[in-house]
Each structure stands twice: as structure tokens, then as C-alpha cells.
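Q: I'd like to ask some things about the structure below.
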């Protein structure tokens, strides 16, 4: 028998886990007689991280009914055991002192404890009264890319199929609606054709409007890993703010805020004029369009003719030679390139156009639908794809990428839901900002908010907070937030491994989270809450068949079959480390690349590549005119403000703000000021500054020379701040992209003053 | 006591310098690498979780270090014998 101290065992396991995550075989490194973790007394349960859209596999360690540790899931191909620092502390966000554990009802302007029956009866009675008096469109649902798919599916059915309103929105409208619209316009179907596998085969990475080092660190690690092993691999970063990715980047395109459209068109100009177009690919698989009418290649060339790299240099400030260099890398024969982007592209009034402009570069050069070459939209929430885009929990969608405007789609969904097809209105509901405008106008009178925090996260937030105050607002949450404080009823929810469910990540991977512990107090899963509301509103007959999450999922699955978004049965996900749809008899292990035979079962070997979302199977290369932001800088508002986040925190900090170790790392949520600008204005790190836009003002600390540095004339603030008078969204712009309806968080004209 | 296993991404041409800087850093009890090109593995031992995050942040200041990601963490480790 060998005597080892427990600490030695754990140290050995820690090293073995790190080495496995680093990609090294650990067999020779594991100590002899090392115990399995279970022998340490903890039970390890398979889950998925609760934060960003990467979808890292997580093993949750529980002991005595409580989470005691977290480790990366070495068997999960997404992260292979790696985690970021937020996931490191996943178990801690659940144990905040102010966790909501009992329903609350507003009485005499105060939220006071109530029983579940009191709270749910009040919700059902009030919603029914509103629908009876003002019609079903006076009600709305605002969900989340953090709910599990089953929850969004139930809410969609309740509102669209039973209550009879399409006023169903989700917070992915604020983060990825432009990516949805972009994919749909170019390829006829939402979501990427490629996967994370492509990162391991790319020669070049083109990252624009994203800071993966802080927002998608595990994927960024995959890039650095490949770069380190392959010196020819290059990273190109296009961003108006210098950030941590630039430490690794080979080429930087620091464009002036809001001018990226010019860069993308100039790159297309170079590709077209230097004969870098893959003519065979384009002729077989692409059409050209000006957005309204078809056009020819010659028309497209003429359209691009004035948009030279020199023209773009004048607008963007990026040297023409650098634009040419990157365009030539796109066109380089035999080299693979992956483009990635996120909020810097999507949160714009031209977000849809920008998405299609990125697609253009791949289509023109044929750098698409082959391993290591793909345009890939990164996502910000763990199930924005799985629970909202795929489930169809937006005001214009139905499950499995169906649309409300299509009568056949409505009939197909109604049949599976077991409701009369006439129940589903043929017209779209209100998109996000119009929905919240309707609360201001008083036409929406009742709203259920689930697992999201619009009282903090909406742009121009103070305007919409007033609307929420006027509305009968019901919020399911785990902590008091800037939204629960406006609510009439607060329902305590279970979170993460306190319940089971399905998440869908950015690469079409559908993953199951197993329940590991019970929720605290009277907190309940949102599935239970929705079923109770449905029953109490008189729709129980449509929901009584759901006894388990599997029942809900398997009904939803019926709607996916044959659509190209085919899902597997629930039990498959319980067993697997995720499967990337479509999952069919031909592809039981999922699909690595859409639109390509034999990977995609909807494409025949003869067809080879087929963009089957389009009637003729061809993707569209769009001619997009250059356009700047909704709000230009002016003498009164001479700076562009962009907002974003840091590695340690997530969104409105309702979770990471409860983890002392994370809070300590970044204790104040500041605005970064360019060094030259700061010097001119006499601003130093820590100084209080007032940021004023046309919508409002906040006073927050300045940071000069921190993790990132915006270019002159630009400010960058961390929107995590949750003090009600300092919400950074008090100043952000609520103008939206006319196609995607996504707001332009990334560009607000402001002034800055030292106070 | 908290014990954590982390993966450290470094620039390959600065791996030696990074190793040298990290080896002298208090709180890192074991350092292996490069286990794959540009990747080091380390075990951190600290009094509490806050010290672990401090250490992760401090590692980012070492030359050539571009990313630090945890792979394992175990809390409340107590000295005890196991047979």
C-alpha cells in the first residue's frame, strides 16, 4: 500500500487535467495509484458552461447536495478540458446571499413574499384580463439565450399557439440578430456551415469586431495553439480598439469606428480586380444581387470600382497596402481562412449588411464549405442558437427556422403543438425595441421576462425602464436585478445544474446539462413555471402531456425532422458530448459541415455543394453601399463610445458579480480613454468623468492605458456596471438595423468631461 | 487551500523566457512545458480562490504569455493522510 497525502493526489490530478487540456497525453504523467475524482468524495456530473456561446463542457463536482468544484470536461471536443476563469468559479455564482428563494408580489410598492399559488394565480388572472380587455397583443414574452431549449419552446407555444400573440422576443435580438439576417440573406438559412473543427485547419484567421481573448478565451486558445505549432499560420485582427488579441496578431487593421464596411468592400475590390475570384466556384454556387435585383459579375465589379483600398484608407485610416495584403491572403490559392466576428459587427445599424459583406469575401474566393475555410459568427450566450434561433423564439420565427409569415409553416407547427392553426397569427409580432416602446406607449400591458435583465441591458435604458414600470411585469430570476426591481411579480428560478435541459452552442452543437443538485428554497425550473402559468390560464390541455424535459424536447424534435436542422432524441444528448445538427440516420454522429456532401445529408454526391436554403441552391453575393453609423460625431458630441466586457465578468453581472474572486479582479467598470486624448483633457486613470450622449449622462471612472486602448476619438466602456445611475446603457443608442432589428450598442456619439 | 491546474498559452519563441519568469512566481507549485508547442501546464496552490485569480492575472504579465485558462480546481483541500 502506498501512502500519499490527499493534497499530493489532488495536485497530481490538477496537473494531469491541465496537461490533458493542453493536448498532451497524460498517461505517463499520472501518478501511480492516483485516485479517480469520485474517490475524493465528490460526484462529477456532465454539464455545459453557463456563460458565453462557446459551449465548453464542464464537470460539476457535488458533495452533500452542494457544488464543491468545477473542472473542464476533457471528453468534450469543444474545450477538451480547458475553461476560462469565469467557468472556474461557476459553482460560486449560485450561492450568493441574496439568492431569490420565494415568490414575491408587489404590494404597497414593495415586493413581499408570497406562496407559489398566490403568485401564479395573480400572473394567470392578470394576463387573462389583459388579453380579454386589450387583446392578446397587449401581452409579450421576453426570453433569453440562457434558457434551456425546452423553456423557450414552451413559452413560444404558450404565446404564439395558445394566447395568440407573436410578441415573443429574446435577448439574442440584441447580440446576434444581424448574424441571423446575414446568414439567411446570403444562404437562405440561418447558422454557420462550419464548426470549431475549422479552427484547427485554418492557415489564416480574420477576426473583425470581436475580442476573443476576453470574450471567447477557450476558442482563442485554440487559435494560439495552432499558431504556435504552425509558424505559417497568421492572425489578422480588425478592430478600432487595441486589445489583448493584438498581442498575438500578425496583422492589425485599426479602422476608425463605424467604417468597417469600407474595408470589407475594398477587400472585395482587390479580390475582383486582382483576379483572385474563384470563378468556377462562383459560377456554380453563387448569384449576385444589389439587394433588390440580380446583377452580373460585371455589374458587381463596376459597383466596387470606386471602392479602392486608397478610397478605404481615406475613410478608415487603415493603410491601403494593409487592406490589399489581407485581401490577397483571402485569395491565396491553397490557403484556408476562417473569419470570425461578434458584437462589433452585429450590434450595428448596418449589421446585416456587414455580415453579408464578410460572406462575400469567402464566396468570391471559394474559401467556404471546405475544411479550414468558413465565415463563422461567434455567439455571446450559451444557447442563443439552441434556445432562440433554433426554437424560433423571436417575433418573426417558428421552430426549426420556420417563419410566421409562411402559412404552411404555421400549419406544420400548429399540428405538432395540437392547436388550431388559426391561433397562430400570420403577422410578425413586435421586434425587441418596438416591443419595449410599446410598454412606454402603454399598448403592451403585461410581459413575462425570463432569465434576462432588460432593466440593465437595453440601449437607452432609462426610457424603457419607465415603460417596464407601467407594465404588469413578471420576472423569473435567481437574484434581485435591475429588472426585478421594476416587477410586479418575481418568480424564483432554478439555475444551471439545479435543473436539466438542452443548450445549443455557436457551432450547431446541441448539448445536455444534467441536474446535479436541488434548487434552493422554493426556487423552481422555468419549465415548471411555464407549465403552471399555462395551466392556470386555461391552456392545460395543450401542456399536460409534458411530464419530463424529454417529452418537450422530443415533440420539438418532430418539427426539426427533414428541415436540415434535424435533431436527435433526448436520450442521445444525455449520453453524448453534444451532437452537431443535422443528426439523421445517415449522420448519426452529426454534421461537421453544412451544404457539402457527404457531410450534409441533404446534399447528394452529384450536387457536391448546395446552398439548399435558396430555391436555386446558390448563395448570394451582395453589393452593399458604404454606410456609417446612425449617429455621427459632431462638435457637441465629438467621441464615439463603444461598450463591451472583460474576461472576468459577464453581461449584467447578476452571476459574476456574486463571485468575490471575480469581482475583486475588476472592481470598477470604467471607460477607457485613448492616451493622447486623456493627455489633452488632463484625464488620468481613476478620475471621474461624465459621459453624455443625446439620451443621458453617467459619471464613471476613467482608465488610461489598461487592457485595451481605443484609438483617438473613441471611448470604450465596460457595460457591466449595475448601479442604477451609472448604467452605461443610459447613453447607448437604441437605433436599430432595419433588417435585423438589432440595436447599435457599439456606436454612440458622446462627449466626455472630467468632473 | 485551493489547488488548480491551468494551461498557459505562450508564444513559442518566448517559451523559455516565459518558463523562467513563471518558475519564480510564488503560488506555482509545479510547471511543465512546453507540453505541446506553446502550451505550458501548471499547478497553482493558494490560500483561497482570490489568490488563484490574482495569480492567473499576474501570469499574463510574464513575457510571452498570451492566455491562461484553468482546467481543474479543487477547493477546501485539507492536509490529511490517505491509505
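The values are calculated or read from the model by the stated rules, or taken from the named source; none is laboratory data. In this text, all values refer to a predicted model and were calculated from it rather than measured experimentally. When we count neighbours, we look across all protein chains shown, and the Cβ atoms used for this are built from the backbone with ideal geometry, even at glycine.
Q: Please count how many residues of segment A:629-666 are within 25 Å of residue B:48 (Cα to Cα) and out of contact with any strand residue (DSSP E or B) (no Cβ under 7 Å at 6 or more places or on another chain).
A: The qualifying residues number 18.
Q: Can you tell me which condition residue A:741 does not meet? The list is (1) closer than 22 Å to residue A:634 by Cβ; (2) surrounded by 23 or more Cβ atoms within 10 Å (Cβ to Cβ), and all the others hold.
A: Of everything listed in (1) closer than 22 Å to residue A:634 by Cβ; (2) surrounded by 23 or more Cβ atoms within 10 Å (Cβ to Cβ), residue A:741 misses just condition (1).
Q: Follow-up. Just the residues that are surrounded by fewer than 20 Cβ atoms within 10 Å (Cβ to Cβ) and free of Cβ contacts under 8 Å to residues at least 60 places away in the same chain, please, taken from segment A:678-699.
A: Residues satisfying the conditions are A:679, A:680, A:684, A:685, A:686, A:697, A:699.
Q: Please work out if residue A:688 is under 26 Å from residue A:354 (Cβ atoms) and away from chain B (no Cβ under 14 Å).
A: Judged against the criteria, residue A:688 is not a match.
Q: While we're looking at this one, here's another question. Could you check how many residues of segment A:640-669 are within 14 Å of another protein chain (Cβ to nearest Cβ) and touching a helix residue (DSSP H, G or I) at 6+ places or on another chain (Cβ under 7 Å)? Steps first, answer last, please.
A: Taking segment A:640-669 and keeping what is within 14 Å of another protein chain (Cβ to nearest Cβ), we get A:646-649, A:656, A:658-667.
Imposing the further condition that a residue be touching a helix residue (DSSP H, G or I) at 6+ places or on another chain (Cβ under 7 Å) reduces the set to A:646-649, A:656, A:658-665.
So the count comes out to 13.
Q: Please work out which one of (1) away from every other protein chain (no Cβ under 13 Å); (2) farther than 24 Å from residue A:745 by Cβ is the condition residue A:255 fails and give its number.
A: (2)
Q: A follow-up question, please. Among the numbered conditions (1) in a loop (DSSP other than H, G, I, E, B); (2) in contact with a strand residue (DSSP E or B) (Cβ under 9 Å, 6 or more places away or on another chain); (3) under 25 Å from residue A:416 (Cβ atoms), tell me where residue A:545 comes up short.
A: (2)
Q: Now a separate question. Residue check: is residue A:626 part of a strand (DSSP E or B) and either closer than 30 Å to residue A:306 by Cβ or in contact with a strand residue (DSSP E or B) (Cβ under 8 Å, 6 or more places away or on another chain) (or both)?
A: Numbers: part of a strand (DSSP E or B): no; either closer than 30 Å to residue A:306 by Cβ or in contact with a strand residue (DSSP E or B) (Cβ under 8 Å, 6 or more places away or on another chain) (or both): yes.
So residue A:626 fails the test.
Q: Scan segment A:230-244 for residues that are at the interface with another protein chain (Cβ under 9 Å from one of its Cβ atoms) and either in contact with a strand residue (DSSP E or B) (Cβ under 7 Å, 6 or more places away or on another chain) or under 22 Å from residue A:708 (Cα atoms) (or both) and jot them down. Walk me through it before giving the result.
A: The first filter runs over segment A:230-244 and keeps only residues at the interface with another protein chain (Cβ under 9 Å from one of its Cβ atoms), leaving A:230-231, A:244.
Matches in segment A:230-244: A:244 only.
Q: Then there's this: Could you identify the single residue in B:71, B:18 that is at pLDDT 80 or above and within 7 Å of chain A (Cβ to nearest Cβ)? Let's see the steps before the verdict.
A: Working: B:18 fails: within 7 Å of chain A (Cβ to nearest Cβ).
When all the criteria are applied, what remains is B:71.
Q: Shifting gears a bit: Take residue A:218 and tell me if it is within 14 Å of chain B (Cβ to nearest Cβ) and part of a helix (DSSP H, G or I). Walk me through how you get there before you give the answer.
A: Details: within 14 Å of chain B (Cβ to nearest Cβ): yes; part of a helix (DSSP H, G or I): yes.
Yes, satisfied.
Q: Please tell me if residue A:725 is in contact (Cβ under 8 Å) with a residue 60 or more places away in the chain and either touching a helix residue (DSSP H, G or I) at 6+ places or on another chain (Cβ under 8 Å) or part of a loop (DSSP other than H, G, I, E, B) (or both).
A: Details: in contact (Cβ under 8 Å) with a residue 60 or more places away in the chain: no; either touching a helix residue (DSSP H, G or I) at 6+ places or on another chain (Cβ under 8 Å) or part of a loop (DSSP other than H, G, I, E, B) (or both): yes.
In short, no.
Q: Then there is this: Would you say residue A:344 is in contact (Cβ under 8 Å) with a residue 40 or more places away in the chain and in contact with a helix residue (DSSP H, G or I) (Cβ under 7 Å, 6 or more places away or on another chain)? If you could, list the steps in order and put the result at the bottom.
A: Values: in contact (Cβ under 8 Å) with a residue 40 or more places away in the chain: yes; in contact with a helix residue (DSSP H, G or I) (Cβ under 7 Å, 6 or more places away or on another chain): no.
Spelling it out, it is not the case that residue A:344 is in contact (Cβ under 8 Å) with a residue 40 or more places away in the chain and in contact with a helix residue (DSSP H, G or I) (Cβ under 7 Å, 6 or more places away or on another chain).
Q: If I go through segment A:584-600 residue by residue, how many of them are farther than 20 Å from residue A:373 by Cα and more than 25 Å from the chain's Cα centre (by Cα)? Talk me through it step by step, then tell me what you get.
A: Filtering segment A:584-600 down to residues farther than 20 Å from residue A:373 by Cα leaves A:584-589.
Narrowing further to those that are more than 25 Å from the chain's Cα centre (by Cα): A:584-588.
Number of matching residues: 5.
Q: Okay, moving on. Any chance you could count how many residues in segment A:75-93 are in contact with a helix residue (DSSP H, G or I) (Cβ under 7 Å, 6 or more places away or on another chain) and farther than 21 Å from residue B:56 by Cα?
A: Residues in segment A:75-93 being in contact with a helix residue (DSSP H, G or I) (Cβ under 7 Å, 6 or more places away or on another chain) and farther than 21 Å from residue B:56 by Cα: 1 in total.
Q: Next question. Can we say residue B:76 is out of contact with any helix residue (DSSP H, G or I) (no Cβ under 7 Å at 6 or more places or on another chain), at the interface with another protein chain (Cβ under 8 Å from one of its Cβ atoms) and either part of a strand (DSSP E or B) or at pLDDT 80 or above (or both)?
A: Values: out of contact with any helix residue (DSSP H, G or I) (no Cβ under 7 Å at 6 or more places or on another chain): yes; at the interface with another protein chain (Cβ under 8 Å from one of its Cβ atoms): yes; either part of a strand (DSSP E or B) or at pLDDT 80 or above (or both): no.
Answer is no for this residue.
Q: Just one of A:727, A:715, A:647, A:662 is crowded, with 19+ Cβ neighbours inside 10 Å and under 30 Å from residue A:356 (Cβ atoms); which is it? Show your work before the answer.
A: Working: A:727 fails: under 30 Å from residue A:356 (Cβ atoms); A:647 fails: under 30 Å from residue A:356 (Cβ atoms); A:662 fails: under 30 Å from residue A:356 (Cβ atoms).
Result of the check over A:727, A:715, A:647, A:662: A:715.
Q: Shifting gears a bit: Give the residue that is modelled with the highest pLDDT, with candidates limited to residues of segment B:22-51 that are more than 7 Å from every other protein chain (Cβ to nearest Cβ) and part of a helix (DSSP H, G or I). Explain how you work it out, then say what you get.
A: Of segment B:22-51, the ones more than 7 Å from every other protein chain (Cβ to nearest Cβ) are B:22-28, B:31, B:33-34, B:40, B:44-48, B:51.
Retained after the next criterion (residues that are part of a helix (DSSP H, G or I)): B:22-23, B:51.
Numbers: B:22: 89, B:23: 84, B:51: 83.
By that ranking, first place goes to B:22.
Q: If you go through segment B:52-61, how many residues are at the interface with chain A (Cβ under 8 Å from one of its Cβ atoms) and crowded, with 22+ Cβ neighbours inside 10 Å?
A: Number of matching residues: 3.
Q: Give, as residue ranges, the helices (runs of 4 or more DSSP H) completely inside segment A:64-154 that count at least 3 residues that are touching a strand residue (DSSP E or B) at 6+ places or on another chain (Cβ under 8 Å) and away from chain B (no Cβ under 14 Å). First the steps, then the outcome.
A: Working: elements: A:85-88, A:90-93, A:116-134.
In segment A:64-154, the matching helices (runs of 4 or more DSSP H) lie at A:116-134.
Q: For residue B:8, state whether it is in contact with a strand residue (DSSP E or B) (Cβ under 9 Å, 6 or more places away or on another chain), part of a strand (DSSP E or B), more than 8 Å from chain A (Cβ to nearest Cβ) and modelled with pLDDT of 85 or more. Outline the logic, then answer.
A: On the way: in contact with a strand residue (DSSP E or B) (Cβ under 9 Å, 6 or more places away or on another chain): yes; part of a strand (DSSP E or B): yes; more than 8 Å from chain A (Cβ to nearest Cβ): yes; modelled with pLDDT of 85 or more: yes.
Against the criterion (in contact with a strand residue (DSSP E or B) (Cβ under 9 Å, 6 or more places away or on another chain), part of a strand (DSSP E or B), more than 8 Å from chain A (Cβ to nearest Cβ) and modelled with pLDDT of 85 or more), residue B:8 qualifies.
Q: For segment A:377-407, what are the residues that are part of a helix (DSSP H, G or I) and crowded, with 24+ Cβ neighbours inside 10 Å? Don't jump to the end; show me each part of the working.
A: Taking segment A:377-407 first, the residues part of a helix (DSSP H, G or I) are A:384-389, A:407.
Of everything in segment A:377-407, those that are part of a helix (DSSP H, G or I) and crowded, with 24+ Cβ neighbours inside 10 Å turn out to be A:384, A:385, A:386, A:387, A:388, A:389.
Q: Going by what's in this entry, would residue A:122 be described as farther than 30 Å from residue A:222 by Cα and surrounded by fewer than 20 Cβ atoms within 10 Å (Cβ to Cβ)? Spell out how you get there, then give the answer.
A: Details: farther than 30 Å from residue A:222 by Cα: yes; surrounded by fewer than 20 Cβ atoms within 10 Å (Cβ to Cβ): yes.
For residue A:122, the condition - farther than 30 Å from residue A:222 by Cα and surrounded by fewer than 20 Cβ atoms within 10 Å (Cβ to Cβ) - is met.
Q: When segment A:232-264 is examined, which residues are found to be closer than 17 Å to residue A:625 by Cα and surrounded by fewer than 23 Cβ atoms within 10 Å (Cβ to Cβ)?
A: Once the filter is applied, which keeps residues that are closer than 17 Å to residue A:625 by Cα and surrounded by fewer than 23 Cβ atoms within 10 Å (Cβ to Cβ), segment A:232-264 yields only A:259.
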